[in-house]
Amino acid sequence: QVQLVESGGKLVQAGGSLRLSCAASGGTFSTYAMGWFRQAPGKEREIVAAISRSGVSAYFADSVKGRFAISRDNAMNMVYLQMNSLKPEDTAVYSCAANPFGTLGVVIQYNYWGQGTQVTVSS
């Protein structure tokens, strides 16, 4: 079973950039597709981005396409979310999750979750 710990969330001004990190332990990291999710107050959790086991394929929500990038380092058991041109509506708790089944956009396949890190974008 894999354990996930996110870091990098903070308060940033609109238009700014931020990189979130997710450290994995306790499992074979390269066997999991990885995703980043976010949940804003009063809203449902949504998938933001996901990356395949090898890092070759990625998925992005329409709301972040062209602004966010996802990457992974299988040697270091890390996955990253680079967020650029941040908007106030990007404010949320961001969590990473591991998917042993591999289909990037299928939320129910993400079985393992981190605790999340808060990102706040001020206008």
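The values are calculated or read from the model by the stated rules, or taken from the named source; none is laboratory data. These numbers come from a predicted model, not from an experiment. Reconstructed Cβ throughout: ideal geometry from the backbone, glycine too, with neighbour counts over all protein chains shown. The protein model used for the area step is the full one, side chains on, heavy atoms only, and it has no ligands, DNA or RNA in it. Shrake-Rupley method; radii C 1.70, N 1.55, O 1.52, S 1.80 Å.
Would a scan of region 109-119 turn up a residue that is part of a strand (DSSP E or B), in contact (Cβ under 8 Å) with a residue 24 or more places away in the chain and surrounded by fewer than 14 Cβ atoms within 10 Å (Cβ to Cβ)?
yes
Specify the residue that is farthest from Tyr80 (Cα to Cα); the eligible residues are those in region 18-47 that are open to solvent by 80 Å² or more (accessible area, probe 1.4 Å) and in a loop (DSSP other than H, G, I, E, B).
Gly42
Please go through region 1-17 and give me each residue that is part of a loop (DSSP other than H, G, I, E, B), more than 24 Å from Ser85 (Cα to Cα) and of a type in the set (A, V, I, L, M, F, W, C), ordered by number.
Correct list: Val2 only.
Give just the number: which of (1) over 15 Å from the mean Cα position of the chain (by Cα); (2) closer than 19 Å to Thr117 by Cα; (3) exposed (fewer than 13 other Cβ atoms within 10 Å of the Cβ) does Gly15 not satisfy?
Failed condition: (2).
Considering only region 93-108, how many residues are assigned to a loop (DSSP other than H, G, I, E, B), open to solvent by less than 50 Å² (accessible area, probe 1.4 Å) and not hydrophobic (A, V, I, L, M, F, W, C)?
Residues in region 93-108 being assigned to a loop (DSSP other than H, G, I, E, B), open to solvent by less than 50 Å² (accessible area, probe 1.4 Å) and not hydrophobic (A, V, I, L, M, F, W, C): 3 in total.
Note down all Cβ pairs under 9 Å where the first residue falls in region 18-29 and is among the β-branched types (Val, Ile, Thr), the second is open to solvent by less than 20 Å² (accessible area, probe 1.4 Å), and they're at least six residues apart or on different chains.
Thr28/Val2
With the condition being at pLDDT 95 or above and open to solvent by 40 Å² or more (accessible area, probe 1.4 Å), I'd like the strands (runs of 3 or more DSSP E) fully within region 48-92 carrying at least 3 qualifying residues.
58-60, 68-73
State whether the residues of region 28-47 include one that is of a type in the set (Phe, Trp, Tyr), in contact with a Cys (Cβ under 8 Å, 6 or more places away or on another chain) and on the phi < 0 side of the Ramachandran plot.
yes
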